[in-house]
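Read through the structure below, which is laid out as structure tokens, and then see the notes.
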Amino acid sequence: MRNTTTRSLRTALAMFLLLLRNNMKQEVIAHNFSTTQQVVSNTIDAVSSALDQHFVPNYLGYYHITREEALEKHSIKLTSKILGQSESRICVVADGTYNYIEKPSDFELQRKTFSLHKCRNLLKPLYIVFPDGYILEAAGPYFCDSKNNDAANIRHHYENSDLLLFLEEGDYFLLDRGYRDVKDETVEKGFSVFMPSLLTGKRINFDCDEANSSRMVTMFRWVVEAVNARIKNVFPFFKHTIEGTYVPKIMRFNRIACAIINAYFEPLTKNKEFHDVIAEVCANDIPQSNQLKDEIEKLGLKRMTTRWEKASATSAVGFPVLSMDDLKRITLGSYQIKIAERYVDSHLREDSQFGIFVHREMDGIIRVRIQSRFSRSKTHDAWVKFRENESGYEAIEGLYCTCKVGERTLGCCSHLTTVLRYLGFDRHQQPKLKARTRCAWDAIDCNVSSDEDSENDS
């Protein structure tokens, strides 16, 4: 590119970035730069072509980085420790996202881009990222009809890209359940595949071993979801419905956005001291069954009989006092703690005393009924067994919830974290701080709809 009488190189780049960063209409951009819409359109096309040709190859793709650089700069040691893989093996996380588009005028494209799940027309880019959030490749876009599910998309990528040339036998993938149909094929190519467990038959809950193995995967697979969110937050152009004139250029714009993030943004996560704590927990013998659940079933405590007495949080004087570090040690992460804050607020709205149930004949065990955040007709019972009048995470002896992943002994679900957070932490904080926090959430709830459809409130 070169300077012209209608715009300079600097102005041309600014026009393109205004499109991606502010999702401005071409007419608005033209008005801001005192030019015409046609000049803006031509400039966006020229700038994106130049960036795609000269900038993107330096920061995106299977040839812009070596295996040695990937292992040195973008590997997370905890990933290989938890999943039992060699530190000399590369881990990649793959997933697709949605780019909503205007309804095409072509009937065939209407059918291929219409998602029955989202009830909208969309295209699906595929992102291949490292465990720290660095984007290795952005592929696609793919259609979203029945012939283009996640498994079919990544199979197409295997056959039409250099991914298999970049990886070596023994490297491993972190995938979600949508890629189950391509799992065996990926293993046959010499790679290991880790994905959350699948419920089979009419079961509605994972057993302890399945829930634990799923947690080992979701502990690291979140990063690709965070990459999707980062792209749309940094470049709102991809968050909103994309005009039809831009649809042929969607992937070019996507790749430029990914390259900019790789070049100028910090990784989403790094090796941390807390990773050593998680590794230590996972290195110990993780119980293969939930002992509290077994005890509850053996003693018949699941039935809500007269032996369970309704009580308030103030009556749970013997419940252990927990610090935020204790909560992180129990949950093995921060996601459940953040979600629990909203659960606490919602639960207190229903019952200002944070109603719990205590057993008339057994000390050191409480039961709390938590409303599901997805369904008004569904609740989850969360049990906590503890040593009275002690403090710290070691005073928590057992955790069990009736939700889908409530049996796991590696961390715990958000419902259990809600009980631990309020009874062990929140109620011991300064009243002014709690009131201010609750008002902040009230403001958010009034103005922002619920985001994210995380896995089973867990």
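The values are calculated or read from the model by the stated rules, or taken from the named source; none is laboratory data. Treat the numbers as computed from the prediction; the structure is a model and nothing was measured. Counting neighbours? That spans all protein chains shown, and the Cβs are built from the backbone with ideal geometry, glycine included. With ligands, DNA and RNA removed, areas are computed over all heavy atoms of the protein, side chains included. Shrake-Rupley method; radii C 1.70, N 1.55, O 1.52, S 1.80 Å.
What does the net charge come to around ARG111 if you take all other residues with beta carbon closer than 14 Å to its beta carbon, with K and R at +1 and D and E at -1?
Once positives and negatives cancel, what remains is +1.
Assigning unit charges at the beta carbon (Lys, Arg +1; Asp, Glu -1) and nothing else, what dipole magnitude in debye, to the nearest 20, does the chain show about its Cα centre?
Magnitude of the dipole: close to 1480 debye.
For segment 352-385, which trypsin sites (Lys or Arg not before Pro) are in a loop by DSSP, counting at most 13 other Cβ atoms within 10 Å?
Passing sites in segment 352-385 are ARG360, ARG376, LYS378.
Mind checking segment 352-386 for chymotrypsin sites (Phe, Trp or Tyr not before Pro) that DSSP puts in a loop (not H, G, I, E or B) and that have at most 14 other Cβ atoms within 10 Å?
Here the chymotrypsin sites (Phe, Trp or Tyr not before Pro) that fit, given the DSSP loop and packing criteria, are PHE374.
Tabulate in residue order the Karplus-calculated ³J(HN,Hα) for segment 77-83, using 6.51 cos²θ - 1.76 cosθ + 1.60 with θ = phi - 60°, rounded to whole Hz; enter x for Gly and Pro.
Each residue of segment 77-83 in turn: 4, 4, 4, 5, 5, 5, 8 Hz.
Could you tell me which trypsin sites (Lys or Arg not before Pro) in segment 1-91 are loop residues by DSSP with no more than 15 other beta carbons within 10 angstrom of their beta carbon?
ARG2, LYS25
Work out the charge dipole of segment 333-420 with +1 on the Cβ of Lys and Arg and -1 on the Cβ of Asp and Glu about the Cα centre, then indicate which of CYS403, SER391, VAL358 is farthest towards its positive end.
CYS403
So what's the back-of-envelope 222 nm ellipticity for the chain, counting only DSSP H runs of four-plus at -39500 (n - 2.57) apiece and dividing by all residues, rounded to 500?
-13000 deg cm²/dmol
If I fit a long axis through the Cα atoms of helix 414-424 and take the longest principal axis of the Cα atoms of the chain, what angle between them do I get, 0 to 90°, rounded to 10?
The two axes meet at around 60 degrees.
Whenever you get a sec, compute what percent of the accessible area on the chain sits on carbon and sulfur atoms (1.4 Å probe).
48
With unit charges on the beta carbons (Lys and Arg positive, Asp and Glu negative) and the dipole taken about the Cα centre of the chain, which residue among ILE260, PHE173, TYR134 sits farthest to the positive side?
ILE260
How many nm is it between the label spots at TYR264 and ILE286, if each spot is 7 Å from the Cα in line with the beta carbon?
4.0
Along segment 111-116, what does the Karplus equation 6.51 cos²θ - 1.76 cosθ + 1.60 (θ = phi - 60°) give for ³J(HN,Hα), rounded to whole Hz, x for Gly and Pro?
Coupling constants for segment 111-116: 5, 6, 9, 8, 9, 5 Hz.
Projected area of segment 202-345, taken from the Cα convex hull and averaged over every viewing direction, in nm²?
15.1
Of LYS112/LYS183; LYS147/LYS232; LYS298/LYS328; LYS118/LYS378; LYS103/LYS189; LYS272/LYS302, which pairs sit farther than 32 Å apart, going by alpha carbon to alpha carbon?
Violating the 32 Å limit, Cα to Cα: LYS103/LYS189; LYS272/LYS302.
Do you know the relative contact order of the chain, to the nearest whole percent, from alpha carbon pairs under 8 angstrom that are 6+ apart?
The normalised contact order for the chain reaches 14 percent.
At 1.4 Å probe size, with every protein chain present, just tell me what the per residue accessible area of the chain comes to in Å².
For the chain, the solvent-accessible area averages 50 Å² per residue.
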